[in-house]
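The structure appears right after this line, and notes come after that.
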Amino acid sequence: MAKMTPLPTNKYLLLLSIVIGHSLLGGYYAGTRPEGAGWRFFSWHPFLMMVGMVGLMGTATLTKKRMGYTNTKLHGMIAWAGLMSSYAGFYVIYQNKNTMGKDHYTTLHSKAGLAVLVGSTMLGMAGGVFLHPDFGIDKQNGLIRTGHKFASRGMLGLAWLATLSGLQTLIGEDDVKGLLFFAAPLVLAAPFTLL
């Protein structure tokens, strides 16, 4: 098995600029779709979900790849901040659906989003209880560490796919150029973040 090496600083900063920039700009873009809709209460849903699952969770994953005690602790804190942002986005869409009298969890996008929130919460709790570098009860267990790593990457990948399906709902299937433009930063960051 190849020995892991920390993510170099220049690559780390470049990837951070991609995931954070895309979460802010992409979240705003999605929040103002369809064209001409402007900013409204609903707009907070894509914005907060993008900041949480792309910007902060992507940053948490990249920070963990820097390796070491401090980066491991930062990884956990940033990931939980991402989860809190995502729960705020969940609150917005839940209230918006209630206000409009619409049913909840009727689309693949909504079901994937709910699965990501529940799964990420469980993974975060397991990480805190078992893997925390100070008080984790089984922090050296290779099986738990590997399971946490790959399950978390799966959740993040599903979250990123959910952002694309949500945007597709807002702009329509015919705007292929818009979807490709929106997906490009995720495709660039995915090999370094999800693999």
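I'm trying to understand the selection: among the residues of the stretch 155-181, which are surrounded by fewer than 21 Cβ atoms within 10 Å (Cβ to Cβ), of a type outside the set (A, V, I, L, M) and under 23 Å from Thr32 (Cα atoms)?
Correct list: Ser165, Gln168, Thr169, Gly172, Glu173, Asp174, Asp175, Lys177, Gly178, Phe181.
Each row is one residue, and each column tells you yes or no for (1) open to solvent by 70 Å² or more (accessible area, probe 1.4 Å); (2) more than 25 Å from Leu164 (Cβ to Cβ); (3) in a loop (DSSP other than H, G, I, E, B).
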{"site": "Gly27", "(1), (2), (3)": "no, no, no"}
{"site": "Glu35", "(1), (2), (3)": "yes, no, yes"}
{"site": "His45", "(1), (2), (3)": "no, no, no"}
{"site": "Met84", "(1), (2), (3)": "yes, no, no"}
{"site": "Tyr87", "(1), (2), (3)": "yes, no, no"}
{"site": "Phe90", "(1), (2), (3)": "no, no, no"}
{"site": "Lys102", "(1), (2), (3)": "yes, no, yes"}
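Pairs, please: C-beta under 8 Å, at least 6 apart or cross-chain, first residue hydrophobic (A, V, I, L, M, F, W, C) and in the stretch 1-29, second in a loop (DSSP other than H, G, I, E, B) and surrounded by 15 or more Cβ atoms within 10 Å (Cβ to Cβ)?
Leu7/Lys65; Leu7/Arg66; Leu15/Leu7
What residue, among those in the stretch 113-150 that are open to solvent by less than 40 Å² (accessible area, probe 1.4 Å) and among the aliphatic types (A, V, I, L, M), is nearest to Asn71 (Cα to Cα)?
Leu131
Could you figure out which of (1) touching a residue at least 12 places away in the same chain (Cβ under 8 Å); (2) assigned to a helix (DSSP H, G or I); (3) crowded, with 16+ Cβ neighbours inside 10 Å; (4) over 13 Å from the mean Cα position of the chain (by Cα) isn't true of Lys97?
(1)
Looking at the stretch 182-195 only, could you name the residues that are open to solvent by less than 60 Å² (accessible area, probe 1.4 Å) and aliphatic (A, V, I, L, M)?
Kept after step one, since they are open to solvent by less than 60 Å² (accessible area, probe 1.4 Å), are these residues of the stretch 182-195: 182-186, 189-190, 193-194.
Within the stretch 182-195, Ala183, Ala184, Leu186, Ala189, Ala190, Leu194 qualify.
Look at Ala79 and say whether it is in contact with a Phe, Trp or Tyr (Cβ under 9 Å, 6 or more places away or on another chain) and not in a loop (DSSP other than H, G, I, E, B).
The answer is no for Ala79.
I'd like the residue in the stretch 1-25 that is at pLDDT below 95 and open to solvent by 70 Å² or more (accessible area, probe 1.4 Å) and, out of all such residues, is nearest to the chain's Cα centre (by Cα).
Pro6
Has the stretch 82-99 got at least one residue that is touching a Phe, Trp or Tyr at 6+ places or on another chain (Cβ under 7 Å), over 16 Å from Leu158 (Cβ atoms) and of a type in the set (A, V, I, L, M, F, W, C)?
Yes, because at least one residue in the stretch 82-99 is touching a Phe, Trp or Tyr at 6+ places or on another chain (Cβ under 7 Å), over 16 Å from Leu158 (Cβ atoms) and of a type in the set (A, V, I, L, M, F, W, C).
If Leu180 satisfies every condition in (1) closer than 18 Å to Gly52 by Cα; (2) at pLDDT below 95 but one, which is the exception?
Status for Leu180: all satisfied but (1).
Exactly one condition in (1) open to solvent by less than 30 Å² (accessible area, probe 1.4 Å); (2) under 22 Å from Leu167 (Cβ atoms); (3) without any contact (Cβ under 8 Å) to a residue 40 or more places away in the chain is false for Val54; which is it?
So Val54 meets the others, but not (3).
Can you confirm whether Leu186 is assigned to a helix (DSSP H, G or I), touching a Lys or Arg at 6+ places or on another chain (Cβ under 7 Å) and either among the hydrophobic types (A, V, I, L, M, F, W, C) or within 28 Å of Asn10 (Cα to Cα) (or both)?
no
Output the number of the condition that Arg40 fails; it satisfies all remaining conditions of (1) under 28 Å from Ser110 (Cβ atoms); (2) at pLDDT below 95; (3) among the basic types (Lys, Arg).
For Arg40, the failing item is (2).
The values are calculated or read from the model by the stated rules, or taken from the named source; none is laboratory data. No experiment lies behind these values; they were computed from the predicted model shown. Counting neighbours? That spans all protein chains shown, and the Cβs are built from the backbone with ideal geometry, glycine included. Heavy atoms of the whole protein, side chains included, go into the accessibility calculation; ligands, DNA and RNA do not. Shrake-Rupley method; radii C 1.70, N 1.55, O 1.52, S 1.80 Å.
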